[in-house]
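Values quoted throughout were computed directly from the atomic coordinates according to the rules given, and no laboratory measurement underlies them. It should be emphasised that the depicted structure is a prediction, and the values quoted were computed from it without experimental measurement. Neighbour counts run over all protein chains shown; Cβ positions are idealised from the backbone, glycine included.
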């Protein structure tokens with residue numbers, strides 16, 4: 001698939017163009033210079049049969065330590081791209097830095113267009129656009145993303161470099177296959193079952209981006225001592241153990257009273273990502289221990305019923321605290337995630353970082369697991385024999401049957417004669433027995449009680 005990268009200095013409208021091409025508000029936009037700091041990607045379709053990967057980069061500004069890292073990553077994205085869109089602000093006169101950057105990108109020998117944004121009307125085009133002709137670009141487009149003005153010529157230019165996607169009509173079918181074989185092929189597990197979405201969560205500056213870079217083996221997310229560096233969630237996909245794992249490095253979550261400016265958009269985006277994720281990795285700073293805010297983040301993971309892994313970062317500089325003592329303190333503080341395994345790592349030295357990938361795939365297999373009904377009822381009956389269902393003011397409560405009606409996470413329905421009288425503590429006991437008999441480490445379990453014939457929203 002072809003890659004198209006959008007580059008330019010800060011605050012010229014790159015993320016707005018990214019959202020326009022992607023036809024969704026995926027990248028955070030703001031008047032604040034430097035809102036985009038990490039690489040953002042999305043698959044975009046134009047002309048119905050042309051598909052490409054669109055890359056939104058951070059603003060190139062080498063005058064600041066943080067943004068020099070952003071610039072470095074943006075230039076790396078340009079080197080990996082097949083087509084480059086260099087964007088400038090049409091409200092201002094051309095700047096020498098823009099010229100030098102454009103010439104540098106031209107030197108890569110790839111198709112490149114100069115996109116002059118914020119040309120909102122014909123008068124502005126007559127007065128200012130022609131100042132940018134001196135760049136000597138073979139392809140130059142005066143547009144206004146906010147006014148959706150003159151974008152079609154840019155789309156048509158892109159079509160020259162994006163080949164048509166192979167349509168189903170062009171795919172050859174082996175005519176020697178029987179009808180039964182074709183039906184069997186259709187019934188094979190879908191590829192999506194091998195795709196895992198993992199959200200990386202934690203307080204600001206606990207090492208989320210460093211951990212992502214260590215997992216990927218490259219500098220994919222901007223790392224800085226400045227808290228709040230990550231604003232947009234950063235997506236990156238790798239293959240491990242036949243699974244396609246997509247990591248989402250979310251913005252650091254602060255107390256609501258301390259969320260300022262564009263970070264409020266980042267918090268909303270983080271919660272949206274949690275709705276789509278399968279597994280959450282909660283990063284704890286070994287030098288600081290569990291804070292009240294860590295507990296709140298654990299509550300978010302529990303709220304969205306995600307598979308969970310607790311990663312204790314900076315273990316190499318934790319101090320003199322013993323392993324068992326440190327782990328027990330975390331268990332005591334993070335009761336929401338009592339089912340989550342704990343790994344101690346160092347993103348800086350890459351100590352035990354690769355074990356995270358093995359844990360992710362193992363947790364996902366449990367997260368998507370379905371227990372055979374006969375085996376489930378066998379275990380439930382064993383649990384009842386070991387500890388009978390308590391009566392309620394003399395009323396006998398009977399569990400007649402159990403079945404799993406959903407996965408991701410596993411959801412168990414108990415058919416009970418008086419479901420409203422089944423105490424939550426007994427459901428918790430049954431969940432613990434299921435965890436003893438089946439391997440559900442890292443996975444939340446939901447047990448609901450209902451009368452025969454009742455259906456849950458998931459079953460309806």
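Cα centroid separation, the stretch 81-99 to the stretch 390-428: 64 Å. Per-peptide packing, taken as the mean over residues of other Cβ atoms within 10 Å, places 323-332, 427-436 in the sequence 427-436, 323-332 from highest down. Using the Cβ-Cβ distance between residue 391 and residue 446 with R0 set to 35 Å, the FRET efficiency works out to roughly 0.90. With the Cα gyration tensor of the stretch 313-395 giving a ≥ b ≥ c as the square roots of its eigenvalues, does the rule (a/c under 1.5 for rounded; else a/b larger than b/c for prolate; else oblate) give rounded, prolate or oblate? Oblate is the answer for the stretch 313-395, as a/c is 1.5 or above yet b/c matches or exceeds a/b. For the peptides 241-248, 369-376, 148-155, the ranking by mean Cβ contacts within 10 Å, running from highest to lowest, is 241-248, 148-155, 369-376.
Need one word for the stretch 272-359: rounded, prolate or oblate. Basis is the Cα gyration tensor (sqrt eigenvalues a ≥ b ≥ c); a/c below 1.5 gives rounded, then a/b vs b/c decides. Oblate, because a/c is 1.5 or more while a/b does not exceed b/c.
Extending 7 Å from the Cα toward the beta-carbon at both residue 384 and residue 316 defines two label points whose distance is 5.5 nm. Packing-based ranking of 3-11, 353-361, 396-404 yields 3-11, 353-361, 396-404, ordered from highest to lowest mean Cβ neighbour count within 10 Å.
Remark: the Cα gyration tensor places the stretch 373-450 in the prolate category, a/c being 1.5 or greater and a/b exceeding b/c. Please give the contour-minus-distance gain from residue 408 to residue 424: 0.36 nm per residue of separation, less the Cα-Cα distance, rounded to one decimal in nm. Using 0.36 nm per residue and subtracting the Cα-Cα distance, I get 3.6 nm.
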